[in-house]
Every structure is written in C-alpha cells, then in structure tokens.
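Engineer: What follows is a structure written as structure tokens; I'll ask about it next.
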C-alpha cells in the first residue's frame, strides 16, 4: 500500500479507472492542461488524450447537460465542478436532467455520471469557496451522494461512483486534500456505496459524522476518552444511507450526537435524527443532539472558526447527553 | 470574421478634451492608476506576511481598462466591478485603507470582515459587490437599468464580466433582456485572455466577444485595454448613448492577465513570449509616456504624484492595521431583517 494525500488518492483512482475502462472520461474547467485547480486530474490529458480529459468552457450547467448527452452515447463522464458553490449554476441540469432521466425513460437509459467537487471550509478562502451543499443533492431524487473522509475512501468511493450505473455526487473535503495522508490500496480499490464505516468502537455514545467532520469528531472522542467509551460512525454514503449501521450503533450506545459542517436547518443531520426518532426511539437514553454550522452564509476567515463546529462544541454536546 | 467595431487610439490632448477630460483630469487618471497598482502590490506584501490568508487576486495589466471605464461613469451611475477591477473602486473614491482592512478581514472593510478579498463594494458610491460567479452580476446590472428606465432616471448601469464569464448562460440572459428592452446598461468585457488556465480559443469561437452584441441587437466595440484614453472614450460614448435612450453597448477591453489567476498560481500554462509581448504595453508606463509627450507632464509633477501615492498607501496600511477584528458575536447578523429594519414606512 502506498501512503498518499487525499488528493493524490483521487488522482490515482482516475489513472486506474481510465485505464480500466475506456468509456470513462473526465471533463470540467481547467482539468486538462492545468490538471485541475487542486491537481486532482493531473497527468490524465497527457496519458489518455484530450478527448478523455476535456477542458470545458466556464459553464457549469453546460458541463452537466453535456454529460447527460455523453451518457446517451455510451460514455461514463466524470464531471469536476471547481468548488462546492460553483455547482449552484448546475443545479438546474442536475435536478431537471441528471436526476430524472432514468425515471423519464422508465429505466430504458442509464446515466452513469459522476459529479465531484471540493467542499467545505477551514481553508481561509473567499465567499462561495467554502460551502457544504450536500443537502441539495441528497434531496434530489435519482442522485446518490458520497463523502469520503480518508484517502483510502476517497479512492474507493470515487471508483464505486464511476462504476455505478446511476448519477453519483462525490464531495471531497478540500481542507484535507493535502493535510491528510493515509494508506491507500494500489490498483483496484472499491468502497461500495451504502456502507458506513465504524471509525472507532465504543459503548456509551455515538458520534456520527461524514467527510471533513470525521477527523474533528475523532479528536472530540479523544478528548472524552477518560469519561466515556465513544463510538465514531463515518456515514461515507449519504444516499443510499447505511441505515443498519446507524441503528445498530444507536442500539448499542443509546446516545447519538450528529455533527455536520453545513448550516443547521434541514441539514443532513436532521434526516438522521428523524430516522432515529422513527426507528430507534426505544433504544435511546436521551435526545438526539446536533452540532452544526449556523443558518448564515459561510463567513470569511477572521470569524470562520466561530461558524465551524469545533471539538469543544462536540464535547459539550456529548457531555450534556451523557449527563441527561 | 470580426463584426464588432475596432476602437481607434486617442491621438492628442485636443481629442481628449473633446471626449470630456482636461489636463487636471488626466493627472487624476494617472494617479488613480498608480494607486490601483500600488494597492495590489502592497496587498501582495501583506499576503506574503501572512496577514491575508487564503489567496490574493490582482488585476495587473487591467488598470487602464478599469480606471478608464470608471472615469467615464457619472456620479449617480452604478457598476458591478470584478476582481480585476480595483481601479473602479479607487476611481469611485473607495479609500485604500478600507480596501486593506477588507483584505485582512477587519471590521472596517466594506463588508465589515464578513467577507474578504475583492468580494466587496461600497454601495454608497454606486458599486455592487461581486460574487465568485461573475456572470451572475450581469442580470443584476440589467435589473438596475430596468429600474432606471421605469423611474425615468437619467442613470446608467455598468456591468463587468470576463471572457470566461461570457461562456455562461446568465451572460446571454442578461444581454438578451437588455437588448429586448434597449435598457441603459453598458456591458464591459475584461478580456484578459485567460480564464484561470483556459485560453480564449477554448472559451468562445467568435473572433471577439464583442461580436456577439449584434445578435442581441446592440453595438459591440473592441478596444485596446492597455490604452486608458481609448477605453475612456469608448466607455464615455457608450454610457452617454445609454443615458440618452440609445440602448446597451458591449465594450470589450483586450488585455493580458499579467499574473496568475491568483498569487498561488504561477500561470505555467501561459506562453512566456505572450507575457513578454504584452509587458511592452504596460498600461501605466504607456500612459505616463503619453502624458509626457502630449500633455507636458514635467519631472516635478510626476515626482509629486508618485510621492503622494506612496504616502497615501503607507498611511492606509497603517490605518488598516489598527482596524479591529470582526466580533465573532456578529456572526449571525445581517442574514434577515431585524425588527428595527422592518420599522420603516415601506413595511408599515
């Protein structure tokens, strides 16, 4: 196994998947000559040619619409949207075409599109380069959503997305593109969609998170170490959700704190809390708590730390629940 | 084949006077160009010192285009300058110390530290703050122009975009609506030939972006964006035409982005000889030479302007550094109207 950064793991996935299947192609703004602004697609144009690593004009809706057409002709396009918030202009094509064309053809056509984008804050970037928009995508019928938290999962989930017959949106924690290294299997490596990961076993309380919040809740679990046995559940695939893993952990610990970076109202944590209320109410020893961002546009760097869920906020919620 | 008209250079002081600028105005234009570049050069120093985190965007090479257009605007006109258009903020009168405060995320920046960078504007000076999705500003400017038309106000909206932004749908939507209603709006394309790493031939297939204007029912003009006087004259014509009810114009200012997309980008994808060629057309040096040859700018005048700009920048950096950090308690402010905001005649 090689030790890679998260973005290197993504790049290694691309090199493997484009080699493995010649219907896989990459498209997006600056993905070719420049190799992507984060270098996730570095080397693909030189190795596989400009027809399989396409530099598009600056037009996000156009990128997704074109990908739908490419699927109709048998390609498996992987679209890069340069930043989280740059995906908003493409939501029209996502909702009207990407998510519903299989349904509109009554299963007659498949749309194996992968849409990937760096997401999240903590990198001191300007406005509209720090958003966590996963809920818009999870809420769109016909679209699957995955968010890796480790280099190994970044490779494995992207490979699963590329091989999946349906549209999959993969959010990549940009904060950890270069700051996180980890062991990544070489060659074929697929992490199946719909399988959560127990990042840490415990018996008193479960911290549920995904993507950039997983390392944060692991630090919170360390901080709680002497006081409680904490389980950490990394959701990995938001849709389809590994409901069994969520319910099993809730049944074991009886206490659940869900952490998301996105704004609070109607965020993904609310969906998880609703599932626990419906299906695990008798297992719970206290209310399901959420630690989230606030209902405010993501703020600039001098106050972004006040926005972000912190270890302290997670620990506070956990202690409150343990003492409930 | 080009459709847009190609603008002529401005030859003499007499031609400039005819276009509406006297000698003092010209020295102000020169001063504004120096302040524009100076703010970005000093900002870059702050970035290297770690006082501006994230990234830092400059408009080196675009000073003439930005200052030229802003000089042609009327006091009550509005505009949507972008991240290469520092010269618009300077010309409209945004004080440099507030720009430095903005860069550093301080409470005295135009966004009070809620946002950084060039995502800013002082609405009291008729400027509307850009978002990262640059073409999203065009329909907004068109909306301002529609309001001016409905109220029969003698005002013009100036809408900036880049050749990269020209590829997106909202550019088409904004221009089409403006053309249909012949609204008082002027579209300014900062064509600096590179949208991050993407060159013009991968962005659009016409010879000029301005060639498209014809398909929206108004005129397109291409102007040398390193020639501040040519830019000024074409912008002035377009703005006054719009004010007089003549409808929109698309003015394309051709320049080269002389640095990377932002300071973290070394622009390895731009051919070296392209930089060398365009460096010969540095807008500030070009105008300085013009002033000496055509307006008798003396050594003393030049030294006085240069020294004044230096003093202004040094003092501005000092003042910005004294500006406090934004209070984290203000994090949630401003998302929705407060009860006080609702206590206005409009809501009663």
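Engineer: Somewhere in the range B:193-202, is a residue within 25 Å of residue B:72 (Cβ to Cβ) and either touching a helix residue (DSSP H, G or I) at 6+ places or on another chain (Cβ under 6 Å) or away from chain A (no Cβ under 14 Å) (or both)?
Structural biologist: Scanning the range B:193-202 turns up at least one residue that is within 25 Å of residue B:72 (Cβ to Cβ) and either touching a helix residue (DSSP H, G or I) at 6+ places or on another chain (Cβ under 6 Å) or away from chain A (no Cβ under 14 Å) (or both).
Engineer: Within the range B:100-129, restricting attention to residues that are in a helix (DSSP H, G or I) and surrounded by fewer than 22 Cβ atoms within 10 Å (Cβ to Cβ), which residue is nearest to the other protein chains (Cβ to nearest Cβ)?
Structural biologist: That would be B:123.
Engineer: Within the range A:294-303, how many residues are touching a residue at least 60 places away in the same chain (Cβ under 8 Å) and crowded, with 21+ Cβ neighbours inside 10 Å?
Structural biologist: Here the count works out to 3.
Engineer: Are any residues in the range B:144-166 surrounded by fewer than 23 Cβ atoms within 10 Å (Cβ to Cβ) and either closer than 23 Å to residue B:191 by Cα or within 19 Å of the chain's Cα centre (by Cα) (or both), and if so, which ones?
Structural biologist: Hit for the range B:144-166 is B:155, nothing else.
Engineer: Check off (1) within 14 Å of chain A (Cβ to nearest Cβ); (2) in a helix (DSSP H, G or I); (3) surrounded by 12 or more Cβ atoms within 10 Å (Cβ to Cβ) for residue B:329 and give me the number that stays unchecked.
Structural biologist: (3)
Engineer: Continuing with the same structure: Counting residues that are touching a strand residue (DSSP E or B) at 6+ places or on another chain (Cβ under 6 Å) and more than 14 Å from chain B (Cβ to nearest Cβ), which helices (runs of 4 or more DSSP H) fully inside the range A:88-205 reach at least 2?
Structural biologist: A:134-138, A:151-163
Engineer: Please work out which residue is farthest from the chain's Cα centre (by Cα), limiting yourself to the range A:70-87 and to residues that are part of a helix (DSSP H, G or I) and within 14 Å of another protein chain (Cβ to nearest Cβ).
Structural biologist: Per the criteria, the residue is A:86.
Engineer: Ok, one more. Considering only the range A:281-292, state which residues are in a loop (DSSP other than H, G, I, E, B) and either touching a strand residue (DSSP E or B) at 6+ places or on another chain (Cβ under 8 Å) or facing chain B (nearest Cβ under 10 Å) (or both).
Structural biologist: Correct list: A:284, A:288, A:292.
Engineer: Can you give me the number of residues within the range B:203-217 that are away from chain A (no Cβ under 14 Å) and buried (at least 24 other Cβ atoms within 10 Å of the Cβ)?
Structural biologist: Of the residues in that region, 2 qualify.
Engineer: Name the residue, out of B:267, B:320, that is in a loop (DSSP other than H, G, I, E, B), within 14 Å of another protein chain (Cβ to nearest Cβ) and touching a helix residue (DSSP H, G or I) at 6+ places or on another chain (Cβ under 9 Å).
Structural biologist: Unique residue meeting the criteria: B:267.
Engineer: Answer with yes or no whether residue B:74 is modelled with pLDDT of 95 or more, more than 11 Å from the chain's Cα centre (by Cα) and at positive phi.
Structural biologist: Considered against the rule, which asks whether it is modelled with pLDDT of 95 or more, more than 11 Å from the chain's Cα centre (by Cα) and at positive phi, residue B:74 comes out as no.
Engineer: Could you please find all residues in the range B:47-66 being in a helix (DSSP H, G or I) and touching a helix residue (DSSP H, G or I) at 6+ places or on another chain (Cβ under 6 Å)?
Structural biologist: Hits for the range B:47-66 are B:63, B:64, B:65, B:66.
Engineer: Among (1) closer than 23 Å to residue A:29 by Cβ; (2) assigned to a loop (DSSP other than H, G, I, E, B), which single condition is residue B:253 missing?
Structural biologist: That leaves (2) as the condition not met.
Engineer: While we're here: Here are some conditions: (1) in a helix (DSSP H, G or I); (2) in contact with a helix residue (DSSP H, G or I) (Cβ under 6 Å, 6 or more places away or on another chain); (3) away from every other protein chain (no Cβ under 14 Å); (4) crowded, with 22+ Cβ neighbours inside 10 Å. Residue B:177 meets all but one. Which one does it not meet?
Structural biologist: (4) is the only condition that residue B:177 fails.
Engineer: Within the range A:45-69, track down each residue that is assigned to a helix (DSSP H, G or I), out of contact with any helix residue (DSSP H, G or I) (no Cβ under 8 Å at 6 or more places or on another chain) and within 28 Å of residue A:105 (Cα to Cα).
Structural biologist: A:66, A:69, listed by residue number.
Engineer: Need the failing condition index for residue B:132 against (1) surrounded by 21 or more Cβ atoms within 10 Å (Cβ to Cβ); (2) within 11 Å of chain A (Cβ to nearest Cβ), just the number.
Structural biologist: (1)
Engineer: Taking the range A:294-312 as the region of interest, how many residues are in contact with a strand residue (DSSP E or B) (Cβ under 6 Å, 6 or more places away or on another chain) and either in a helix (DSSP H, G or I) or in the same structural domain as residue A:84 (by TED's automatic domain parsing) (or both)?
Structural biologist: 0
Engineer: Can you tell me which residues in the range A:39-63 are under 19 Å from residue A:90 (Cβ atoms) and within 11 Å of chain B (Cβ to nearest Cβ)?
Structural biologist: A:54, A:55, A:56, A:57, A:58, A:59, A:60, A:61, A:62, A:63
Engineer: Kindly indicate whether residue B:50 is out of contact with any strand residue (DSSP E or B) (no Cβ under 9 Å at 6 or more places or on another chain), free of Cβ contacts under 8 Å to residues at least 24 places away in the same chain and either away from chain A (no Cβ under 14 Å) or at positive phi (or both).
Structural biologist: yes
Engineer: Checking residue A:66 against (1) surrounded by fewer than 19 Cβ atoms within 10 Å (Cβ to Cβ); (2) in contact (Cβ under 8 Å) with a residue 40 or more places away in the chain; (3) touching a strand residue (DSSP E or B) at 6+ places or on another chain (Cβ under 8 Å), only one condition comes out false. Which one?
Structural biologist: Result: residue A:66 fails condition (2) only.
The values are calculated or read from the model by the stated rules, or taken from the named source; none is laboratory data. Just so it is clear, the structure is predicted and the values come from calculations on it, not from any experiment. Here the Cβ is made from the backbone with ideal geometry for all residues, glycine too, and neighbour counts use every protein chain on show.
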